[in-house]
Amino acid sequence: MKFTKMQGTGNDFLFVQGQDSDERDWSALSQAICERHYGAGADGLIVVLPSERADVRMRLFNVDGSEAEVSGNGVRCLVKYTIERGIAKPRDGHVTIEAVHGVLEAEASMEGATVTAVRLSMGPPRFAPNEVPVIAEMEPVIDFPLEVDGQRLPVTCVSMGNPHAVLFVDEPVAEYPLETLGPKVEHHSAFPERVNFGVARVNSRDRMEVRVWERGVGETLACGSGCCAAMVAARLHNRVGHRVEIEQPGGLLTVEWDGKGDVYLSGPAEFVFEGEWPDD
């Protein structure tokens, strides 16, 4: 089975093409092929499928085998993959992607036949507790007092098609013990479908820094939906404007939100290598 490895600001994915008739255990494949020591190594596996609703359909499986709803970085890589492989033909630079919770639209910047950057509409953020989901009695869920290890973490919860809890800190995010508290927040009983835990610091009205512990993966070098959630949470606190550059360990992403409609995520996507996996 042929696969392609891609990365967006260090958040890496393996792409394989499939059909609706495939009976392959994608979950088991993801655990094997994404393993960094015995496999090809990645944060997740994206299965590229035909769609009746969009240019292409995707399924995303985390390294632990769980299926995720969406990934901002993964979709941006998918856009480059499908255009440059001839799977999707952009219309005025735009392509559509069917994900679990609906159809997303992306705009590709092109130089000839090469996609140089992708601006992705992540759809509108969702704030209702049952849509995140989070067990809370407020809407929006702002500064929700999450009890973890004897600490009270005031998290802001939002769905970007997948669940996020954002904690604002004053110190550099590099100093936060994410590797210790990340898994405890991910599996907290307040989140019935687990949660992505983002730690964010606002440096100015147009600049933030973010680290994310991703559900089913662990800490990644970058998380596109996590950046979107952090920016939305910062706007709910009136700490940023409508366009913010967000620094992560893997690089910079840009998030735009006018406070009403869709959230837009922009950044690079790159091919890493091609390979073949034993088709048992």
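The values are calculated or read from the model by the stated rules, or taken from the named source; none is laboratory data. Keep in mind the model is a prediction, meaning the values are calculated, not measured. Cβ: placed from backbone, ideal geometry, glycine included. Neighbour counts: every protein chain shown. In case anyone asks, the SASA skips ligands and DNA or RNA and just uses the protein heavy atoms, side chains included. Shrake-Rupley method; radii C 1.70, N 1.55, O 1.52, S 1.80 Å.
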**Message:** With bins 5 Å wide starting at 0, give me the P(r) of region 34-145 over every alpha carbon pair, in whole percents.
**Reply:** 2, 10, 19, 17, 16, 14, 11, 6, 3, 1, 0
**Asked** How far, in nm, would the chain grow between residue 64 and residue 27 when pulled straight, counting 0.36 nm per residue and subtracting the alpha carbon separation?
**Response** 12.5 nm
**Prompt:** Given a 1.4 Å probe and every protein chain left where it sits, what share in percent of the accessible area of region 1-101 is carbon and sulfur?
**Reply:** 42 percent
**Asked** Can you pull out the chymotrypsin sites (Phe, Trp or Tyr not before Pro) in region 24-97 that DSSP calls coil and that have at most 16 other Cβ atoms within 10 Å?
**Response** 38
**Surface accessible to a 1.4 Å probe, per residue, for the residues of the chain, Å²** = 43 Å²
**Asked** What nm distance separates the two modelled labels at residue 180 and residue 52, each placed 7 Å from Cα along Cα→Cβ?
**Response** 5.3 nm
**Complete:** Distance in Å, no decimals, from the C-alpha centre of region 1-54 to the one of region 167-185 is 29 Å
**Given charges at Cβ of Lys, Arg, Asp, Glu: the chain dipole, positive-most of 40, 121, 275** = 121
**Asked** How far apart, in nm, are two points set 7 Å out from the Cα along the Cα-to-Cβ line at residue 206 and at residue 101?
**Response** 2.9 nm
**Asked** Could you give the dipole magnitude of the chain about its Cα centre, charging the beta-carbon of Lys and Arg +1 and that of Asp and Glu -1, in debye to the nearest 20?
**Response** 620 debye
**Request:** Could you tell me which of 263, 202, 248 has its Cα farthest along the dipole of region 200-280 towards the positive end, charges placed at Cβ (Lys, Arg +1; Asp, Glu -1), taken about the Cα centre?
**Result:** 202
**Request:** Specify the longest stretch of the chain that does not include any exposed loop site, a site being one of the GluC sites (Glu not before Pro) with a non-H, G, I, E, B DSSP assignment and at most 10 other Cβ atoms within 10 Å.
**Result:** 138-280
**Message:** Please compute the Kirkwood hydrodynamic radius of region 1-93 from all pairs of different C-alpha atoms, in Å with one decimal.
**Reply:** 13.4 Å
**Prompt:** Any idea what angle helix 72-84 forms with the longest principal axis of the chain, computed on alpha-carbon atoms, 0 to 90 degrees, nearest 10?
**Reply:** 20 degrees
